[in-house]
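Visitor: Please see the structure below; I have some questions.
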Amino acid sequence: MQRRTRLVLAPLAASTLLGIALTACAPGATTNDSAADIEASTELTTDEITLTLMSTPESGGATEATIAAFEAEHPNIAIEYSQTNYDDYNQSVNLNLSGDQSPDIVLLNAVANTVKNKLVLPLDDYAGLYGWDDFFPANQLNQWRVADDGSTLGDGGALVAAPAGFSLVGVYYNKALAAQLGITAPTSLAELEASLEKASSAGALPVQLGNAEGHAAFIVQLLGQGEAGADDANAWAFGHEGETFDTAANRTAAETLAAWQKAGYLGDATTANGTDLQGAVDNFIAGKGLFLVDGIWDAGKIGDGLGESAGFLPFPGANVTGIGTSVAYAISAQSEHPNEAAAFLDFLRSSEASEQQFAQGFMPNDPTVAVAEEGTLQGDIVASWAKVAEADGLVAFNNNATATMNDTLKAGTQELIAGQLSVDDFLASIQNDWAKAHAG
């Protein structure tokens with residue numbers, strides 16, 4: 001499943017994944033204790049030093065501009081930037097961290113073996129020194145708190161990375177089509193379902209869906225967490241002991257997806273399951289669909305295509321929630337300059353860095369720089385992010401709960417929509433996958 005992290009001004013790009021999916025790691029990987037032996041401090045060296053930073057092109061524009069701004073404030077600290085395409089990066093990052101020439105700072109995606117093999121430095125001391133816990137809402141940092149064995153995320157684990165901009169999944173809607181149908185933006189699930197029925201009765205497609213890559217899982221997750229709340233949803237997504245996907249909220253969510261399909265709200269099942277996300281975006285831009293559940297990574301394309309008719313809102317539910325994660329950077333356990341590397345991580349929440357994050361298509365660390373005209377698509381996204389952040393409603397992607405969960409959700413939602421899988425079996429398949437990775 002693609003989970004891109006771009007907003008209004010950025011081109012389409014590959015996804016930035018969180019999660020505890022396993023990544024390649026050199027057998028018997030070892031680290032020296034360079035970083036661990038240095039006391040955490042905000043006092044930086046006055047010597048001329050060079051830090052190395054590895055990333056991917058998806059976040060490259062914002063990162064390179066941030067490096068330049070950081071170097072201007074710290075002229076004795078140079079940062080050498082290198083990037084590798086997303087797939088190659090994920091396959092090599094742990095090998096690079098465990099090698100003789102480990103970079104100082106790395107983009108962190110999957111975390112399990114990285115943390116288990118102690119390849120990155122715990123950042124809790126720096127979080128305390130710099131006040132990150134007070135600056136970021138709890139569940140924005142909790143997505144980067146990881147147990148020592150790499151098995152679970154969330155409150156209680158060590159903080160291993162610092163955010164560098166955020167993504168968000170919510171609901172796009174066609175304002176022009178809504179006006180034609182006499183529909184206003186829904187603020188509750190009841191209003192949403194009334195809008196779906198009204199659109200269907202008028203001969204319009206209520207929900208544009210491209211589920212070839214499993215994006216119906218977004219609908220299931222948003223329905224479930226909207227009823228259960230972000231804390232309960234994150235506990236499962238983070239792999240906490242004793243959690244189950246077979247809850248009343250998730251059962252209702254799966255039943256709702258199946259019911260929407262039977263009612264014709266998702267269009268033809270074969271078409272929905274055979275269309276990928278970008279195909280669905282193209283269809284939505286062409287006026288086929290009142291709503292589209294998608295992330296802000298497609299806002300640039302949708303905004304260009306629909307213009308003033310493009311709108312965005314948090315998925316309506318009893319609880320205000322959104323699905324999302326951040327681009328995030330970690331410090332190598334072998335870094336000889338962890339304090340200086342931590343200063344760069346702290347700089348990621350500065351106004352200079354946040355302006356670059358926003359310009360490159362992310363919701364910025366400092367929300368005060370996310371200024372957009374009310375009533376525009378970008379304005380809707382900024383307002384939606386503020387609502388989710390205020391409610392502490394950000395939830396990690398369900399499909400990142402295990403290394404194989406993405407495939408399990410894709411197959412499950414496709415079969416559920418096609419009427420080939422019962423809700424009971426769907427819930428069981430998801431929980432069975434989760435239990436293989438997390439059951440004690």
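Taken together, the values in this text are just the output of simple stated rules run on the coordinates, not laboratory data. Worth saying up front: this structure is predicted, and the values here are computed from it rather than measured. Glycine gets a Cβ as well: all are built from the backbone with ideal geometry, and neighbour counts include every protein chain shown.
Visitor: What is the order of Leu209, Leu290, fewest Cβ neighbours within 10 Å to most? Provide the component values of the computation, followed by the final result.
Guide: Numbers: Leu209 33, Leu290 28.
Fewest to most other Cβ atoms nearby, the residues stand as Leu290, Leu209.
Visitor: Under 5 Å between amide H atoms, partner at least 5 residues away or on a different chain: which partners does Gly361 have, H built in plane at 1.01 Å?
Guide: Leu7, Leu9
Visitor: Report the convex hull volume per residue for segment 269-313, counting only C-alpha atoms, in Å³. Please report the intermediate quantities before stating the final value.
Guide: Values: hull volume 3.4 nm³, N = 45.
Once divided by residue count, the hull of segment 269-313 is 75 Å³.
Visitor: Once you have the Cα-Cα distance between Asp125 and Asp268, take 0.36 nm times their residue separation minus that, and quote the gain in nm to one decimal. Don't skip to the end; give the middle numbers.
Guide: Values: separation 143, 0.36 × 143 = 51.48 nm, distance 5.34 nm.
That works out to 46.1 nm of additional length.
Visitor: Ok, one more. Report Rg/Rh for segment 271-359, rounded to two decimals, where Rg is the Cα radius of gyration and Rh the Kirkwood radius. Kindly include the intermediate steps, with their values, before the conclusion.
Guide: Numbers: Rg = 18.9 Å, Rh = 16.7 Å.
With Rh from the inverse mean 1/r over Cα pairs, Rg/Rh is 1.14.
Visitor: Report P(r) for segment 50-191: all Cα-Cα distances, bin width 10 Å, range 0 to the bin holding the largest distance, values in whole percent.
Guide: The distribution over segment 50-191 is 10, 30, 32, 14, 11, 4, 0, given as percents.
Visitor: Could you put His438, His215 in order, starting from the residue whose Cβ has the fewest other Cβ atoms within 10 Å?
Guide: Details: His438 19, His215 27.
Ordered by Cβ neighbours within 10 Å, fewest first: His438, His215.
Visitor: Can you pull the one-decimal nm distance between simple spin-label points at Asp37 and Ala286, each 7 Å off the Cα toward Cβ?
Guide: 6.4
Visitor: Another question, then. With a Förster radius of 45 Å, plug the Cβ-Cβ distance of Thr187 and Ala78 into 1/(1 + (r/R0)^6) and report the FRET value to the nearest 0.05.
Guide: Details: r = 50 Å, r/R0 = 1.12.
Once rounded, the FRET efficiency stands at 0.35.
Visitor: With the crude spin-label approximation of a point 7 Å out along Cα→Cβ, what separation in nm comes out for Asp148 versus Ala418?
Guide: 4.6
Visitor: Nearest 5 is fine: what % of DSSP beta bridges in the chain come out antiparallel, could you say? Please report the intermediate quantities before stating the final value.
Guide: Details: 21 of 35 bridges.
Of those bridges, close to 60 percent are antiparallel.
Visitor: Right, here's the next one. When the Debye formula is applied to the Cα atoms of segment 112-197, each taken as the same point scatterer, what base-10 log of I(q)/I(0) results at q = 0.14, 0.16, 0.23 Å⁻¹?
Guide: Treating every Cα as an identical point scatterer, log10 I(q)/I(0) equals -0.63, -0.69, -1.08.
Visitor: Compute the acute angle (0 to 90°) between the alpha-carbon long axis of helix 338-347 and the principal axis of greatest extent of the alpha-carbon atoms of the chain; round to the nearest 10°.
Guide: 40
Visitor: In angstroms, what radius of gyration and Dmax does segment 286-440 have, counting Cα atoms only?
Guide: For segment 286-440, the Cα radius of gyration and maximum Cα-Cα distance read 19.5, 57 Å.
Visitor: So if a site counts as exposed when it's one of the GluC sites (Glu not before Pro), its DSSP state isn't H, G, I, E or B, and it has at most 14 other Cβ atoms within 10 Å, what's the longest stretch of the chain without one? Spell out each step's value before the answer.
Guide: Numbers: sites that count: Glu39, Glu43, Glu48, Glu241, Glu373, Glu374.
Value returned for the longest uninterrupted segment is 49-240.
Visitor: Relative to 2.2 N^0.38 Å, what does the C-alpha radius of gyration of segment 349-440 come to as a ratio? Two decimals please.
Guide: Details: Rg = 18.9 Å, N = 92, 2.2 N^0.38 = 12.3 Å.
That ratio works out to 1.54.
Visitor: Now, a different point. Based on alpha-carbon atoms only, what is the radius of gyration of segment 195-290 relative to the globular estimate 2.2 N^0.38 Å?
Guide: Working: Rg = 14.8 Å, N = 96, 2.2 N^0.38 = 12.5 Å.
Taking N as the residue count of segment 195-290, the ratio is 1.19.
Visitor: Test of understanding: what is the full-extension gain from Asp304 to Asp134, defined as 0.36 nm times their sequence separation minus their Cα-Cα distance? Could you put the intermediate results ahead of the total?
Guide: Numbers: separation 170, 0.36 × 170 = 61.20 nm, distance 3.68 nm.
Result for the pair: 57.5 nm of gain on full extension.
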